[in-house]
Amino acid sequence: MNQPAAALQPKIARRKKAGPEDFIPKEDYVSRDFARLEQRRLWPRTWQMACREEEIPRVGDYVTYDVLDESIIVVRVAADRIAAYHNACQHRGRRLTEGCGHAARLYCRFHGWSWKLDGTIAHVVDRDNWDGSLKDEDIALPQVRVDRWGGFVFICMDGDAEPLLDFLSPIPDVFRNYPFEKMRYRWYKRTGIDCNWKTALEAFNEGYHVQTTHTQLLPVHDDEALSFAEGRHGSYQLAPGRISLGERSPRLASTQVDYRRNVRDFVLMLEEDLKASIPPHMAELADRLVDELPEDASLLDVLMKYGQIAFEAAQERGIPFPSLTPEEIGRAGADWHLFPNMVFLPAPDAMLAYRARPDRNDPERCIFEVYSLVLYPEGQEPPLERQEFKDWRDHDAWGLILTQDFENMTEVQRGMRSTGFTGSRTNPVQERSVSNFHRALREFIGA
């Protein structure tokens, strides 16, 4: 696809009658039978993000990606090549890796068999016991498809699945000029949460909840959302046809707005509460909006000044700031749900992202990851520190916004068990990405 981004802009419609797809049966979230169907027909067949390229920068660096009973080793085998294998010793089945690390050979700690990084067998202890009947091709590590986009490494266990870029469409085209591959981790957190993996994701792939859950944002953030189906994927925009960042929500009483302070306060809120979605140096420079603009500056003037400050600061620091058109930024919107289990909030120089995976034993519990990516000067990115918690309540530094979301997720899951609840009635305008996700999911697994 070579269309300009503006040609891909979804149509804006603020009213729409709910259809059958806007009702989601509760069984999608609580049923063990539905979870087993996902285990058989979703996870072994879909592309899913396993890690970032910068997590495995050197030959021999690996990440173990687990989903339910499947475990995949993602390893850099050459400077320009990444491979993926099923994480099972071909002798007796023991897992070869756990977590992340570095290895010259993939080694089994049960009987000492080992494999080269290309998946071929390196050594079998006492191989002559087999008297020549053990063939190399029979004991090579089974390969898994692997591909890359935007600095993300994806795996797929289905040899017949469509190519990654086709699977991701239209996302690669929409973000073709965004430097996601140059972004690096600012922080990464992983936790267990008492809710279905879809309940967790759906706290982040719609903006309808902001007006009640995140009321602290309304004075500096126009929260009206329009949500779109993007094939299997979904997206939403804020304040379509208007400007969201720095605008007072129309849900609040009208008052005179100093847009310099509104944009500054929104930037500072992102930095203090999330440490995400902006480079850290922009919080230090936000006061320039108040110092260098007149009190009656328009919102557009303030945002243009903010863009100028961001561009100049990036140049001074040697940061590869992208050159994007207003149409590209508008099409990028606020939020994308990448089927099946990833959500990301894009910005020209940063990203806040989420990933959810099901618990092996309980469909009403999941593994949830949140991370912040930022454009840094080359060589000045901080070392990756993975913080992991058994339960989200074991950590007290999530910030207000994520804490509000986590509280919703667990209480939604509890409420879904009620005999008085039969299913979700999604907003056909602001939660289209949620209903489209379930349409795509049910279609994918044949439910």
Exclusive hit being acidic (Asp, Glu), at negative phi and buried (at least 16 other Cβ atoms within 10 Å of the Cβ), set 411, 364 = 364
task = For segment 316-334, indicate whether the set of residues that are assigned to a strand (DSSP E or B), in contact with a Gly (Cβ under 9 Å, 6 or more places away or on another chain), closer than 19 Å to residue 174 by Cα and not acidic (Asp, Glu) is non-empty.
result = no
task = Considering only segment 49-87, state which residues are free of Cβ contacts under 8 Å to residues at least 40 places away in the same chain and part of a loop (DSSP other than H, G, I, E, B).
result = 57, 79, 80, 87
Filter result for residue 266 (within 26 Å of residue 404 (Cα to Cα), crowded, with 17+ Cβ neighbours inside 10 Å and in contact (Cβ under 8 Å) with a residue 12 or more places away in the chain) = yes
request  = Sort out which residues of segment 152-179 are touching a strand residue (DSSP E or B) at 6+ places or on another chain (Cβ under 7 Å) and either among the polar types (S, T, N, Q) or buried (at least 18 other Cβ atoms within 10 Å of the Cβ) (or both), and write them in order of number.
outcome  = 152, 153, 154, 155, 156, 157, 164, 168, 171, 175, 178
ask   = In segment 103-140, what residues are of a type in the set (D, E, K, R), part of a loop (DSSP other than H, G, I, E, B) and either touching a Ser or Thr at 6+ places or on another chain (Cβ under 9 Å) or under 15 Å from residue 74 (Cα atoms) (or both)?
value = 105, 116, 118
message = Among (1) within 29 Å of residue 238 (Cβ to Cβ); (2) in contact with a Ser or Thr (Cβ under 8 Å, 6 or more places away or on another chain), there is one condition residue 410 misses while meeting the rest; what is its number?
response = (2)
ask   = Does any residue of segment 234-255 turn out to be under 22 Å from residue 375 (Cβ atoms) and in a helix (DSSP H, G or I)?
value = no
key: Only one of 75, 30 that is farther than 30 Å from residue 333 by Cα, more than 22 Å from the chain's Cα centre (by Cα) and surrounded by 14 or more Cβ atoms within 10 Å (Cβ to Cβ)   = 30
query = Which residues, taken from segment 203-255, are of a type in the set (Val, Ile, Thr) and free of Cβ contacts under 8 Å to residues at least 12 places away in the same chain?
reply = 212, 215, 255
query = How many of the residues in segment 271-315 are in contact with a strand residue (DSSP E or B) (Cβ under 9 Å, 6 or more places away or on another chain) and either in a loop (DSSP other than H, G, I, E, B) or farther than 24 Å from residue 177 by Cα (or both)?
reply = 7
note = Checked pairs for segment 369-386, first under 21 Å from residue 357 (Cβ atoms) and in the same structural domain as residue 57 (by TED's automatic domain parsing), second surrounded by fewer than 21 Cβ atoms within 10 Å (Cβ to Cβ) and of a type outside the set (Phe, Trp, Tyr), C-beta under 6 Å and 6 or more apart or across chains, list as none
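The values are calculated or read from the model by the stated rules, or taken from the named source; none is laboratory data. The model shown is predicted, which means the values in this text are computed figures rather than measured ones. Backbone-built Cβ (ideal geometry, glycine too); neighbour counts: all protein chains shown.
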